[in-house]
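Undergrad: For reference, the structure I am asking about is given below.
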Amino acid sequence: MCRASLLRSAPFELPQGGNAARVEGCSDAIEGACPFFSFLYVPHNFLQMKFFIDTANLAQISEAQDLGVLDGVTTNPSLMAKEGITGDDNIIKHYRAICDIVDDNVSAEVIATDFEGIIKEGEALAALNSKIVVKVPMIKDGIKAIKYFSDKGIRTNCTLIFSPGQALLAAKAGATYVSPFLGRLDDISTEGLQLIEDIRLIFDNYGYKTQILAASIRGPLHIVNCAKIGADVITAPLSAITALLKHPLTDIGLATFLADHAKASGK
Ligand code: E4P
C-alpha cells in the first residue's frame, strides 16, 4: 500500500501533512507480518532520518563516520574546489577516497549542463562506485537526465531546489533525492523550512518515493527543525552535526557527577 492510500484510508484525521504516514519501503514488511496494520496510522518517525555530511574534506568525513551516525556525503563543485581538488583524475581519485570511508550515498555533482554531457558524466561517475549518487542541477536538461538515470537504475540527487514545483518535477522524473537549499533561502529572508514543509506535504499526498534531502544547513537548529518537519535526510557541515552534542547543563551535570564520585571514593 502506498503512502497516499494509507493517508486516504486513515480512519481519523492526521496531525499534519508533514507528519503523515510515510511507510514506503517498510510497508511491505509490516503488511507481510500483519496485514491489517496498513489500515492504521503510522507515525512519520517510523523511518529514521539520514545524516549526510556536506563536505569534500576527508578528515571531516572520517570524523563523522567514526561517530557512527553517518549515512552519506554530499559534495558540490565549490566544496571540491575548497579542498583544492582540480583536474578529472584528481576529482575521480577524491570520490574514490570518499567512497572508501563511508558505507553509501556519496553525491557527486556533474558539471555539464546539456543532456548528453550530463548523461556522459553521470554514467562515468556512477561507474566509479555503487555508492555514488549522481547530483544533477534543477534545469530542463537535468530533469530529462534524471528520468534517463532513473530508468537505468542510477540514483540521483536533484540539487539547487528552491521551490515546491521544482521538487515535484524532480520527483516526477524519478529523482532519488531532492535537495532544497534551506540556508540560502534564509539568507535572502525567505523561510527555508516552509519550502521543506511544502515538499513534504506534496510528496506525502501522492506517495512519491523521492527523499527530501535538506541541504544548505547552517546550524543544529536547522537539523532539529528539519527532523520536526519530516525531512528524510539532512546534509550538514561537521560543526552543525557535532553542535547537536552540546548543552551547558550536560557539561555541568557531568562535572558534578564526576566530582561527587571522586569525593565519595576519597580521591
Ligand atoms: C549540498 O548538497 C549543497 O550543495 C550544499 O548544502 C549547499 O550549501 P551552502 O548553501 O552552504 O553552499
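The values are calculated or read from the model by the stated rules, or taken from the named source; none is laboratory data. These numbers come from a predicted model, not from an experiment. Here Cβ is always computed from backbone atoms with ideal geometry, including for glycine, and neighbour counts include all displayed protein chains. Each accessible area value is taken on the protein alone, full model and side chains, heavy atoms only, with ligands, DNA and RNA left out. Shrake-Rupley method; radii C 1.70, N 1.55, O 1.52, S 1.80 Å.
Undergrad: Of everything in segment 192-219, what is on the phi < 0 side of the Ramachandran plot and either of a type in the set (S, T, N, Q) or without any contact (Cβ under 8 Å) to a residue 12 or more places away in the chain (or both)? Give them in sequence order. I'd like the intermediate steps shown before the answer.
TA: Just the residues of segment 192-219 that are on the phi < 0 side of the Ramachandran plot, to begin with: 192-206, 208-215, 217-219.
Selection gives 194, 205, 210, 211.
Undergrad: Given (1) within 11 Å of the ligand (Cβ to nearest atom); (2) farther than 19 Å from residue 72 by Cα; (3) not acidic (Asp, Glu), identify the lone condition not met by residue 267.
TA: Unmet for residue 267, out of (1) within 11 Å of the ligand (Cβ to nearest atom); (2) farther than 19 Å from residue 72 by Cα; (3) not acidic (Asp, Glu): (1).
Undergrad: Let me ask something additional. Scan 212, 196 and give me the residue that is touching an Asp or Glu at 6+ places or on another chain (Cβ under 9 Å), buried (at least 23 other Cβ atoms within 10 Å of the Cβ) and not in a loop (DSSP other than H, G, I, E, B).
TA: Numbers: 196 fails: touching an Asp or Glu at 6+ places or on another chain (Cβ under 9 Å).
Step by step, each of 212, 196 is checked, and only 212 is touching an Asp or Glu at 6+ places or on another chain (Cβ under 9 Å), buried (at least 23 other Cβ atoms within 10 Å of the Cβ) and not in a loop (DSSP other than H, G, I, E, B).
Undergrad: Further, regarding this structure: Which of the residues that make up segment 155-172 are polar (S, T, N, Q) and not in a loop (DSSP other than H, G, I, E, B)? Steps first, please.
TA: Taking segment 155-172 first, the residues polar (S, T, N, Q) are 156-157, 159, 163, 166.
Across segment 155-172, the qualifying residues are 156, 157, 159, 166.
Undergrad: Right, here's the next one. Pairs needed: first member in segment 220-239, within 22 Å of residue 171 (Cβ to Cβ) and assigned to a strand (DSSP E or B); second member anywhere, within 14 Å of the ligand (Cβ to nearest atom) and of a type in the set (Val, Ile, Thr); C-beta distance under 6 Å; at least 6 residues apart or different chains.
TA: 234/217; 234/223; 235/74
Undergrad: Okay, moving on. Take residue 252 and decide whether it is over 30 Å from residue 58 (Cα atoms) and open to solvent by less than 30 Å² (accessible area, probe 1.4 Å).
TA: Details: over 30 Å from residue 58 (Cα atoms): yes; open to solvent by less than 30 Å² (accessible area, probe 1.4 Å): no.
The answer is no for residue 252.
Undergrad: For segment 50-93, name all the residues that are part of a loop (DSSP other than H, G, I, E, B) and more than 16 Å from the ligand (Cβ to nearest atom). Talk me through it step by step, then tell me what you get.
TA: First, the residues of segment 50-93 that are part of a loop (DSSP other than H, G, I, E, B): 55-57, 68-71, 75-76, 83-87.
Those that are part of a loop (DSSP other than H, G, I, E, B) and more than 16 Å from the ligand (Cβ to nearest atom): 68, 69, 84, 86, 87.
Undergrad: Still on this structure, I have one more. Identify the single condition in (1) within 15 Å of the chain's Cα centre (by Cα); (2) at positive phi; (3) assigned to a loop (DSSP other than H, G, I, E, B) that residue 175 does not satisfy, given that it satisfies every other one.
TA: (2)
Undergrad: For segment 97-154, which residues satisfy the criterion of being of a type in the set (Lys, Arg), open to solvent by less than 60 Å² (accessible area, probe 1.4 Å) and outside any strand (DSSP E or B)? Walk me through it before giving the result.
TA: Initial filter on segment 97-154 (of a type in the set (Lys, Arg)): 120, 131, 135, 140, 144, 147, 152.
Checking which are open to solvent by less than 60 Å² (accessible area, probe 1.4 Å) leaves us with 131, 135.
The answer is 131, and nothing else.
Undergrad: Oh, and also: Looking at the structure I just gave you, is residue 167 of a type outside the set (Ser, Thr, Tyr), within 16 Å of the ligand (Cβ to nearest atom) and within 16 Å of residue 150 (Cα to Cα)?
TA: Working: of a type outside the set (Ser, Thr, Tyr): yes; within 16 Å of the ligand (Cβ to nearest atom): yes; within 16 Å of residue 150 (Cα to Cα): yes.
Considered against the rule, which asks whether it is of a type outside the set (Ser, Thr, Tyr), within 16 Å of the ligand (Cβ to nearest atom) and within 16 Å of residue 150 (Cα to Cα), residue 167 comes out as yes.
Undergrad: Do you know which residues across segment 240-251 are part of a helix (DSSP H, G or I) and either among the basic types (Lys, Arg) or within 12 Å of the ligand (Cβ to nearest atom) (or both)? Walk me through how you get there before you give the answer.
TA: Applying the first criterion (part of a helix (DSSP H, G or I)) to segment 240-251 yields 240-243, 248-251.
Matches in segment 240-251: 240 only.
Undergrad: Residue 71: touching a Pro at 6+ places or on another chain (Cβ under 8 Å), within 19 Å of residue 240 (Cβ to Cβ) and of a type outside the set (A, V, I, L, M, F, W, C), yes or no? Please lay out each step first, then the result.
TA: Details: touching a Pro at 6+ places or on another chain (Cβ under 8 Å): no; within 19 Å of residue 240 (Cβ to Cβ): yes; of a type outside the set (A, V, I, L, M, F, W, C): yes.
Considered against the rule, which asks whether it is touching a Pro at 6+ places or on another chain (Cβ under 8 Å), within 19 Å of residue 240 (Cβ to Cβ) and of a type outside the set (A, V, I, L, M, F, W, C), residue 71 comes out as no.
Undergrad: With the structure loaded, tell me whether residue 187 is within 13 Å of the ligand (Cβ to nearest atom), open to solvent by 20 Å² or more (accessible area, probe 1.4 Å) and farther than 24 Å from residue 106 by Cβ or whether it fails that test. Outline the logic, then answer.
TA: On the way: within 13 Å of the ligand (Cβ to nearest atom): yes; open to solvent by 20 Å² or more (accessible area, probe 1.4 Å): yes; farther than 24 Å from residue 106 by Cβ: yes.
Against the criterion (within 13 Å of the ligand (Cβ to nearest atom), open to solvent by 20 Å² or more (accessible area, probe 1.4 Å) and farther than 24 Å from residue 106 by Cβ), residue 187 qualifies.
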